Amino acid sequence: YQLYNRVFGLVNDHAGYSLTSEGQEDFTIIQYNVEDQYTPHCDGTCDGSEHNKYGRVATAVIYCKAADRGGGTTFTNNDIFVTPKKGMATFFSYKDMNTGMMDDGDTEHSGCPVLAGEKWITTVWMREGVSNSEPWNKYDPSGLAIMESEQIPLDLEIKTDGATTSDELEDDAISDYTF
């Protein structure tokens, strides 16, 4: 937990948050091999909307192993390119602390293709409002509640492409869900 808590301390100091590690997402470890990349995306909402309680507000990417060639991180709507080195970290937040609004695309980013070697990163996605009693896994990245199995409508109809028995029904036979 020492590194995890250091990340939260850094984020709080530099972005003005008061985040705690309670209820947060764990480290996520990602390995990129040659030609692997992560297409442009946002880790939280980046549509200029108001922050949803429990939603992601910041990301820290720690580069555990840098690729021999390639594997940088680019912020696609800005002129920012990060050339990773082992042990360095990239931090970015996407909630304006003064207005409570999410950014409007400035933090869209991409993991560029690895051209030689491999790249290993660990990512910490940080959320505002989560706790041990309201943990991150109850909410999607934007902070909207995830439907639990007991909340699935009882009138769920599954269309099965003609399968009539459970023996005939395979995962790939399910074509549509209707609520």
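The values are calculated or read from the model by the stated rules, or taken from the named source; none is laboratory data. Just so it is clear, the model here is predicted, and its values are computed rather than measured. Each accessible area value is taken on the protein alone, full model and side chains, heavy atoms only, with ligands, DNA and RNA left out. Shrake-Rupley method; radii C 1.70, N 1.55, O 1.52, S 1.80 Å.
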Failed criterion for Leu3 (all others in (1) over 15 Å from Trp125 (Cα atoms); (2) modelled with pLDDT of 90 or more; (3) open to solvent by 50 Å² or more (accessible area, probe 1.4 Å) hold):
(1)
Could we say that Glu35 is closer than 25 Å to Gly143 by Cα and either among the acidic types (Asp, Glu) or open to solvent by 30 Å² or more (accessible area, probe 1.4 Å) (or both) here?
no
The number of residues in the stretch 79-99 that are open to solvent by 20 Å² or more (accessible area, probe 1.4 Å) and in a loop (DSSP other than H, G, I, E, B) is 10
